[in-house]
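Taking it in order: structure first as structure tokens, then the write-up.
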Amino acid sequence: MLIRITRMFRPKLWMAVAFAMATAGCPPGVLPTNTVEVTNDVEYGLGYVRDNSEATYTLAPLHMDVYRPANADEPKPAVIIMHGGGFVEGGRGEERIIDFAKYFASRGYVAFAIDYRLLQDNPPAPDLWGALSFPAVVHAAIVDAKAAVRHIRANANEYGVDPDNIAFIGESAGAIAGVAVAVTNADQYSADGEDFPIPQQNEPNESARVQAYVHLWGSADHVLTSVSAEDPPTMILHGEEDDVILTPFAAAERLHFALELRGVPHEFYAAEDFGHAAWNYRLRGKSLERLTLDFLNEHLLGKSNRIGPILH
């Protein structure tokens, strides 16, 4: 069980690691070894939306971009990437999201960068979620995130992925939605409400469970009571100076404590001197991408690329 990662420098350790890497080669999955093939605008499901001028809801397509390692000869692990933007903006075409997707695809993963319904789509939501427009869009984003998992699992052969090896990465608003994918039961957040049945295109009979989860500068306060020992291994990274109202650093600490209480394997990176969106965080020479890759390789592929011990 991993707690807080701190910045420390150990010259002897680094010298030993450098020598080992020079003599034995880089750890598997670190260097890019695959050309990446990209398929844009793939429909992964449908979501209820309403135009401001209309009184009724209609079903609109939900899209994603798929990044595959070229010439893959066996099923690969999948990683779903969900962008932030406060549920009012952002998209799968953002430079950081594209870079993340290409990074993982070049290292043997099939990456899926997904869009989801935003505030301007006026999605419905059940019960108290639907009383205010903002909670409704949070609920809809979770529904869409789970729909993406079910779609990819149902079409694993088409995408060349292992349906039992799916990870989810959420950043900011995407992490607020993504953590619900990781810790809530299958029957939760599966539909927009009793009056809005799950479209068959959203694969209602498939599981929305994931095998690993990466939580980047988000919040899990809305689902903390759902955390259980059966939840997937989780990586948390959050800037210590983050003071955004919805995603303060304290929210990351609360998720860490909940995971620790329930015995869920997890890593907690407290990014010193970083605020929100700590994309440029590095630890002992490792980028955010590399730290995430090491975490996924360990928990999805059973390959540990760690440099030295985790520091508490």
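Since every read-out is calculated from the coordinates, none of them should be taken as a lab result. All values derive from a computational prediction rather than experimental measurement. Backbone-built Cβ (ideal geometry, glycine too); neighbour counts: all protein chains shown.
Please work out how much length the chain gains when fully extended from V244 to E37, using 0.36 nm per residue of separation minus the C-alpha to C-alpha distance, in nm with one decimal. Spell out each step's value before the answer.
Working: separation 207, 0.36 × 207 = 74.52 nm, distance 3.60 nm.
Gain in length upon complete extension: 70.9 nm.
Convex hull over the alpha-carbon atoms of segment 94-212: what's its volume per residue in Å³? Please list the in-between numbers first.
Details: hull volume 13.0 nm³, N = 119.
Taking only Cα atoms, segment 94-212 has a hull volume of 109 Å³ per residue.
Considering only N40, V183, S106, whose Cα is most displaced toward the positive end of the charge dipole of the chain, charges sitting on Cβ of Lys, Arg (+1) and Asp, Glu (-1)?
The one lying farthest along the dipole's positive direction is S106.
Report, in degrees rounded to the nearest 10, the 0 to 90 angle that the Cα long axis of helix 133-154 makes with the longest principal axis of the chain.
70 degrees
Amide H neighbours of V161 under 5 Å, counting only residues 5+ apart in sequence or on other chains, H built in-plane at 1.01 Å?
So V161 has HN proximity to K76.
Using a simple charge model, +1 on the beta-carbon of Lys and Arg, -1 on the beta-carbon of Asp and Glu, nothing else, what dipole does segment 4-301 show about its Cα centre, in debye to the nearest 20?
Values: 22 positive and 41 negative charges, 250 e Å.
Dipole about the Cα centre, nearest 20: 1200 debye.
Can you pull the one-decimal nm distance between simple spin-label points at S228 and Q188, each 7 Å off the Cα toward Cβ?
Inter-label distance under the simple model: 0.9 nm.
Order the peptides 288-297, 244-253 from the highest to the lowest mean number of other Cβ atoms within 10 Å of their residues. It would help to have the intermediate numbers written out before the result.
Numbers: 288-297: 21.5, 244-253: 18.4.
Averaged packing, sorted descending, gives the order 288-297, 244-253.
Which net charge results for the neighbourhood of Y48, defined as the other residues with beta-carbon distances under 10 angstrom from its beta-carbon, given Lys and Arg at +1 and Asp and Glu at -1? Present the calculation step by step, with values, prior to reporting the outcome.
Working: positive: R50, R117; negative: D121, D192, D195.
That works out to -1.
Can you run phi through the Karplus equation (6.51, -1.76, 1.60; θ = phi - 60°) for segment 205-212 and list ³J(HN,Hα) in whole Hz, with x for Gly and Pro?
Coupling constants for segment 205-212: 8, 8, 7, 9, 6, 10, 9, 7 Hz.
Check which residues have an amide H placed less than 5 Å from I81's amide H, if you skip close sequence neighbours.
Hits under the 5 Å cutoff: F112, A113, I114, I169.
I want the antiparallel fraction of DSSP beta bridges within segment 4-301, as a percent rounded to 5.
Working: 18 of 46 bridges.
Around 40 percent of the beta bridges assigned by DSSP in segment 4-301 are antiparallel ones.
Using the per-residue mean of other Cβ atoms lying within 10 Å as a proxy for protection, in what order, highest first, do the peptides 223-230, 40-47 fall? Could you put the intermediate results ahead of the total?
Numbers: 223-230: 14.5, 40-47: 17.9.
Result, highest mean Cβ count within 10 Å first: 40-47, 223-230.
Could you give me the ³J(HN,Hα) list for segment 88-97, computed from phi with Karplus coefficients 6.51, -1.76, 1.60 and θ = phi - 60°, whole Hz, x at Gly and Pro?
Running phi through 6.51 cos²θ - 1.76 cosθ + 1.60 with θ = phi - 60° gives 10, 7, x, x, 5, x, 5, 4, 5, 5 Hz.
Please give the charge dipole size of segment 132-238, origin at the Cα centre, charges +1 on K and R Cβ atoms and -1 on D and E Cβ atoms. Round to the nearest 20 debye.
Details: 4 positive and 14 negative charges, 37 e Å.
Dipole of segment 132-238, to the nearest 20 debye: 180 debye.
Which far-off residues, 5 or more places away or on another chain, put their amide H under 5 Å from the one on I236, with H placed in the peptide plane?
The answer is H215, E267, F268, Y269.
Report the full-extension gain for the segment E54 to K303: residue separation times 0.36 nm, less the Cα-Cα distance, to one decimal in nm.
Details: separation 249, 0.36 × 249 = 89.64 nm, distance 5.24 nm.
Gain on extension, E54 to K303, equals 84.4 nm.
Go through 199-210, 85-96 and give me the packing order, highest mean Cβ count within 10 Å leading. Each step should come with its number before you reach the end.
On the way: 199-210: 17.8, 85-96: 15.8.
Highest-to-lowest ranking by the protection proxy: 199-210, 85-96.
Obtain the nm distance between the two label points defined at N71 and L128 by a simple spin-label model: each point lies 7 Å from its Cα along the Cα-to-C-beta direction.
Going by the 7 Å Cα→Cβ label model, 5.6 nm.
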